[in-house]
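Just so you know, all these numbers are worked out from the coordinates, no wet-lab data involved. Everything numeric in this text was worked out from a predicted model, so none of it was measured. Note that each Cβ is placed from the backbone with ideal geometry, even for glycine, and that neighbours are counted across all protein chains shown.
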Amino acid sequence: MEKLSRTAEISRKTRETDITAKINLDGKGISEINTGVGFFDHMLTAFSRHSGIDIELEAKGDLIVDPHHTVEDTGIVLGQVFKNALGEGKGIARYGSAFIPMDEALGFCAVDISNRPYLVFEAAFMTDKTGEFDNCLTEEFFRAFSVNAGLTLHLKSLYGKNDHHIIEALFKSLAHALKAALVINSDEILSTKGVI
């Protein structure tokens, strides 16, 4: 099997955010991330480390309003750069799933790199915020990421009492599910259509 370079870089600037991202799908989980939202940076760093995807990301947003635009637009940019790095997806396992425990919380993710974006998200939070991060933005990030990356993504918190743990279990479950789905194990596209 021919070794592909699965890397990409993208910049996106709007009146609300200015974001640059670079990724390597076959990295070592090395990241340099700065969104200005500490807890969100922590989640993206954990995602990088556990997925093995190298991520360099710099986001400047209108945090004086709130983190919403920064978090959602980061999801858009990461989704787009992921899709660019993946290319046609030749030879990938395509599917992945993972249960991840985080102390008292248990998160689950199932993913299909399908080019048919769809998000199913089930999680209840105990509070409104974790640090300066609005917990409701967890779903907004995953929706933006799945739509722009072309993923069918199912995320579920089975239980938990600490919002930090609940959210981190979801990010890490996505990381491990994607790590499995991105493995190249053939020379063909895993689809009866011949394309993803």
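Some points to look at:
- Here segment 35-67 is scanned for amide nitrogen atoms under 14 Å from the site 7 Å beyond the Cα of LYS129 along Cα-to-Cβ, giving 37-40, 63-67.
- Segment ASN185..ASN34, full-extension length gain: 51.0 nm, with 0.36 nm per residue of separation and the alpha-carbon distance subtracted.
- Charge dipole (segment 1-151, unit charges on Cβ, about Cα centre) - positive-most of PHE82, LEU63, ILE30: PHE82
- Sum of side-chain charges, LYS156 neighbourhood, beta-carbon under 14 Å (Lys, Arg +1; Asp, Glu -1): -1
- Distance between the pseudo-spin-label points of GLU56 and SER5 (7 Å out from Cα toward the beta carbon): 1.4 nm.
- Flagged links, alpha-carbon separation over 26 Å, of LYS13/LYS172; LYS156/LYS179; LYS22/LYS161; LYS22/LYS172; LYS90/LYS179: LYS13/LYS172; LYS22/LYS161
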